[in-house]
1. Starting from residues that are touching a helix residue (DSSP H, G or I) at 6+ places or on another chain (Cβ under 8 Å) and basic (K, R), keep the ones in region 667-702 and report whichever is modelled with the lowest pLDDT.
2. If the requirement is being modelled with pLDDT of 90 or more and in contact with a Cys (Cβ under 9 Å, 6 or more places away or on another chain), which of these qualifies: T382, T411?
3. Just to be sure, is L92 more than 17 Å from A119 (Cα to Cα), assigned to a helix (DSSP H, G or I), modelled with pLDDT of 90 or more and not β-branched (V, I, T)?
4. Quick one: D8 ticks every box in (1) part of a helix (DSSP H, G or I); (2) modelled with pLDDT under 85 bar one, so which box is it?
5. Of everything in region 153-211 that's more than 25 Å from G108 (Cβ to Cβ) and of a type in the set (S, T, Y), which residue is farthest from the chain's Cα centre (by Cα)?
6. Only one of these is over 25 Å from E129 (Cα atoms) and either part of a helix (DSSP H, G or I) or not β-branched (V, I, T) (or both): E78, E39. Name it.
7. Tell me whether region 310-325 contains one or more residues that are more than 27 Å from A370 (Cβ to Cβ) and touching a residue at least 12 places away in the same chain (Cβ under 8 Å).
8. Could you identify the single residue in A86, A44 that is at pLDDT below 90 and under 22 Å from the mean Cα position of the chain (by Cα)?
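The values are calculated or read from the model by the stated rules, or taken from the named source; none is laboratory data. Everything quoted here is computed from the prediction, not taken from an experiment. Cβ sites come from the backbone with ideal geometry, for glycine too, and all protein chains shown count toward neighbours.
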Amino acid sequence: MATHGAVDARKRAMHHPQVQAWWREMDCGFTPVADVFEECLYEALTAFSKREMDDYVAAAKTLSRLGRGPEPVLAFLEAWPSAAAAVGTAALEDVMATARTLQASPNGHAIAPLLQTLAPVARRLASREQLAFYLDIARELMARTTGSIHGRHATLASPGLPVFFRQAPQLVEQLPMAGLKNWVDYGIRHYGDHPQQQEDYFKLALADSRAVLQRERHGTLFADAERRLDLYLRALWRDPQPLIPYSNAYHALRRIVPYYDGLGMRLPDVYDARAGVSGLDRYRATLAHMVGHRRWSSPQIADNWSPFQRLAVEFLEDARIDWLLMREYPGLAPVLLALHPRPVEGACDPETASCLRHRLAMLSRACLDANHGYADAVLNETVAAFHAALAEGPSSTAQMAQLALAWVARTRRPSDQLPRIHFDDTVVDYRDDNRQLWAFIEEGDEEEAFDTRKETREAEAPQGLPPRHYPEWDQVSESYRPDWVSLYEALHPAGEAAKIDRLLDKHAALARRLMRLLDLIKPQNKQRIRYQEDGSELDLDVAIRSLIDFRSGATPDPRINMSHRSSGRSIAVLLLLDLSESLNQKVAGGEQTVLELSQEAVSLLALAIEGLRDPFAIAGFHSNTRHEVRYLHIKGFSERWDDTVKGRLAAAGAGWSTRMGAALRHAGAALAQRQADKRLLLLLTDGEPADIDVRDPGHLHADARKAVGELAAQGVDTFCLSLDPKADDYVQGIFGKRHLVLDRVEQLPEKLPLLYMALTK
């Protein structure tokens, strides 16, 4: 700590200049930390990049300033390189967020045990997603067991939280995340009001604590089987893809669905034995099926098919992959057939329920099982065509698609549209979710007819950074769809800055009124910043010294200016613009588009915020299905409102749809990192959440509402300014009272800056 005086690096044998520089950056006065600092950094340097090293040192510096002594710092410096090797350096954000949460509560003393056991826990969990779920469990334990004394403001620390962290390596060795959550929930429910018994429960000192632990130990844990599965994947299939577990607890109300993406193969963290097949063999069947897709499947244009047709394509393509697997490795056949359901012919009543899934599950079973015993004529003809297509080779996804199209045309019934769907014996749970099988490229959202084909265009590959994957809330199952949305962020290309200047000149009178208002609310207490090469005024003392140096022949100090910043206002603002296709519509009774009015309003708002000297950023978003949400940076927090930023705003165009939840989460994550008393996310939109791959508008409404709640928990205040005159029907359900519907769009340039001033005064 600075008050104790920093330990001299040279006295601690820190000979490397870069290590000395990092130690000076730490500015830490703890002697035990100084003793191990260089050794820890040398270990980290073997695994971390320069940026990751800077983040590592910055996190240690933050921990040294918590007032918790050297133990958290020492634990972090020693644990993080090993932990990061297991879960990735991006997980540092989750760990530090948890540490800050603990510090802001009476549970700051639990930071040290959290970090002391971080390395073995991370090595066991082996993915950022699993570690994040573990930290969520810990935060829930803290929230539900931190108490208060009746009639006093003092709060009591959680008795069980530090013990939980110390026991965590043993717990994650024995339990999947869902089991760990159940074990913790039991302890909270039964011992939440009994401090000593709660502590004993999490120490595993109580009989029921050990009994619940044994009860939750079931199935084959991914962590126990990971090495064998990795060898299986490499040796048998020659496909060295990373294996990434996810928790069953995310799917408490819906079935587990494995999947794969650009990062690796996603598997549940535990499999129970089922139908005489062990958990390990279920893992092998799932991996084999995904490898088969990677080897033999090719993406199809989803826009060319109706939802019913796509479902039929998926079932037949899955059956083709399974058939090829069994043909190449006959030993897989008993496992796959045991796990594949055997629907009973006639079990679904088409008069009362949609039987489409039931018929498809029968068809899939019949394709794999020569002894299926089904009498349906169309089914048997389709099975014969299926085997004929595979008789001379692996066939293709396109051929299965044509077979599926013919089957749908011959078997469809009006009752297939019924809302009640027959699901019994239709779920083949070793198969993945087939997200890789479809490509969405059309900008329209019209539904395809059964016998209609559209001309398609080549999908344009998103440019910029690698995608960020965000979950999406499923209101039906009340659970997240993990890594469901791919968000691509990029810097918006620049256009003609003079266009924005012309818009500001157009509203010169309004701008002058705004400036007068700004003078009334602008903080008067200023903090002087000296020794600036560029500044608002001359620093006379420094200038005189520089003149004396110059005349005496010495090199003068060029930093002769100073500037000022307000010390009475701590606000960070991010303006998020909906750039969907509807912004290209003209305002009723005028020649301007909604986009042009938005550009005028944002320009005036930026002028106002710049006058207040509030840190602010501007970004836009639009979407083309869940696979492609574009997030475009127009102005960063560190950028000035200058011609470069004006050029990006001038070049802003509108297109595609409005998948709002992922954009809100991404923008909120950037805001949450800002050091400010108030963090405001101001959303400007002209419509409700929507996308072409979502038929139920309530789904994206619920996801946006969930995203707003998540941001509120992170200390980010979200406000929506809607230009949709029909927004009253849905906007309150998403944003609560934090919204405003502007009935007259032409008033936007005047209203937006005034709204900002009202929200931040």
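1. Among them, the one singled out is R695.
2. Only one candidate passes the filter, namely T382.
3. no
4. Of the numbered conditions (1) part of a helix (DSSP H, G or I); (2) modelled with pLDDT under 85, the odd one out for D8 is (1).
5. That would be S209.
6. E39
7. Taking every residue of region 310-325 in turn, at least one turns out to be more than 27 Å from A370 (Cβ to Cβ) and touching a residue at least 12 places away in the same chain (Cβ under 8 Å).
8. One residue alone meets the criteria, A86.
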